[in-house]
């Protein structure tokens, strides 16, 4: 089993103050293990496993491979929206395998907090507004993940400058900042703005350990910010998508349908319907190669140290 991690000890166990952000259909055990071994928090969304049975296999694989005395801690991302029929089963498995960190999204973290604190785990709540941040704090979250404008997939609409400043007026605990961060300079910038950690997702799509289709990785490498479309037409919540993938899936990017109702169960129950609709953040124009995660983290560390020295 993995060891629990207190907030005060978490940063000391990391090579960089960085979470490899959980990405729907892209983050799996290989990515989590590689990220943790490279010295950053590795994460994955539980719906990436097609069933609770498969999720348990993944958790066994992760907990066998990661040495809590040497490697960085890992996190499981749980969709807490009530439309997700698996949320409580996945939460119980997270507790059974003593996930050091749980990241909740699209719902209150309260149920996760009650269970995680029982075994010594900690809960970060993914939020897109100061109002949701306050609710997560009231529900007992140990940390906040501020998802800002420019993030891939489920995205916020606020500038990181505005979001961090307002939240820091009432929250002095751990804060993870996401949205368009692609380099070690960006990690350092997040710290300077007042975040404890950076959240980086899109850059990890184009890695050897990613579950992404090779065509998806190539599209990330060859795209730029002009190729990103933010819409709630696909999943019911605002998300950033690659224009060409929408076209290939039969959508007209200039005439998208009205927003659908949020239904996490729809996505987790049949993820194949999302297979060819690809998300990415506004930072795609700064990604020019597919790398193994170990080499990517080496590069990020060099950039981060240069930014700190400067």
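Give the separation of the Cα centroids, region 85-110 to region 287-307, in Å.
30 Å
Provide, in order from the shortest bin, the percent of all Cα-Cα pairs of the chain in each 10 Å bin, continuing until the bin that contains the maximum pair distance.
That works out to 6, 30, 39, 22, 3, 0, in percent per bin.
Arranged by the count of other C-beta atoms within 10 angstrom, fewest first, what order do 230, 148 take?
Ordered by Cβ neighbours within 10 Å, fewest first: 230, 148.
How do 232, 227 rank when sorted from fewest to most other Cβ atoms within 10 Å of their own Cβ?
Sorted ascending by nearby Cβ count, the order is 232, 227.
Determine the gain in length on full extension of the stretch residue 57-residue 225; use 0.36 nm per residue of separation and subtract their C-alpha separation, reporting nm with one decimal.
Values: separation 168, 0.36 × 168 = 60.48 nm, distance 3.71 nm.
Gain in length upon complete extension: 56.8 nm.
Counting only C-alpha contacts under 8 Å and six or more residues apart, can you give the relative contact order of the chain as a whole percent?
That works out to 18 percent.
Taking neighbour Cβ counts within 10 Å as the exposure measure, how do 24, 19 sort from fewest upward?
Lowest to highest Cβ neighbour count: 24, 19.
Is region 186-244 best put as rounded, prolate or oblate by its Cα gyration tensor, with a ≥ b ≥ c the root eigenvalues, rounded for a/c under 1.5, and otherwise prolate when a/b is larger than b/c, oblate when not?
In terms of gyration-tensor shape, oblate.
Using mean Cβ contacts within 10 Å as the protection proxy, how do 63-71, 30-38 order, highest first?
Ranking the peptides 63-71, 30-38 by packing returns 30-38, 63-71.
Would you work out if region 1-104 is rounded, prolate or oblate? Take a ≥ b ≥ c from the square roots of the eigenvalues of the alpha-carbon gyration tensor; rounded if a/c is under 1.5, else prolate when a/b is larger than b/c, oblate otherwise. Numbers along the way, then the final one.
Numbers: a/c = 1.67, a/b = 1.63, b/c = 1.02.
Since a/c reaches 1.5 and a/b is larger than b/c, the shape of region 1-104 is classed as prolate.
When a/c reaches 1.5 or more, the comparison of a/b and b/c decides; with that in mind, is region 39-85 rounded, prolate or oblate per its Cα gyration tensor?
Judged from the Cα gyration tensor, region 39-85 comes out oblate (a/c at least 1.5, b/c at or above a/b).
Report the full-extension gain for the segment residue 295 to residue 165: residue separation times 0.36 nm, less the Cα-Cα distance, to one decimal in nm. Intermediate values should be presented prior to the final figure.
Details: separation 130, 0.36 × 130 = 46.80 nm, distance 3.32 nm.
The residue 295-residue 165 span can extend by a further 43.5 nm.
Report the extension gain between residue 12 and residue 255 in nm, rounded to one decimal, defined as 0.36 nm multiplied by the number of residues separating them, less their alpha carbon distance.
Stretched fully, the residue 12-residue 255 segment lengthens by 82.6 nm.
On the principal axes of its Cα set, how long, how wide and how thick is region 67-159? Give whole Å, largest value first.
Taking max minus min along each principal axis of the Cα atoms, region 67-159 gives 37, 31, 24 Å.
Using only alpha-carbon positions, what ratio does the radius of gyration of region 122-248 give when scaled by 2.2 N^0.38 Å?
Numbers: Rg = 15.3 Å, N = 127, 2.2 N^0.38 = 13.9 Å.
Normalised by 2.2 N^0.38 Å, the Cα Rg of region 122-248 equals 1.11.
Using just the helices of the chain, give the 222 nm mean residue ellipticity in deg cm²/dmol: DSSP H runs with n ≥ 4 each add -39,500 (n - 2.57), and the total is spread over all residues, rounded to 500.
-10500 deg cm²/dmol
Values quoted throughout were computed directly from the atomic coordinates according to the rules given, and no laboratory measurement underlies them. None of these values were measured; they are calculated from a predicted model. Here Cβ is always computed from backbone atoms with ideal geometry, including for glycine, and neighbour counts include all displayed protein chains.
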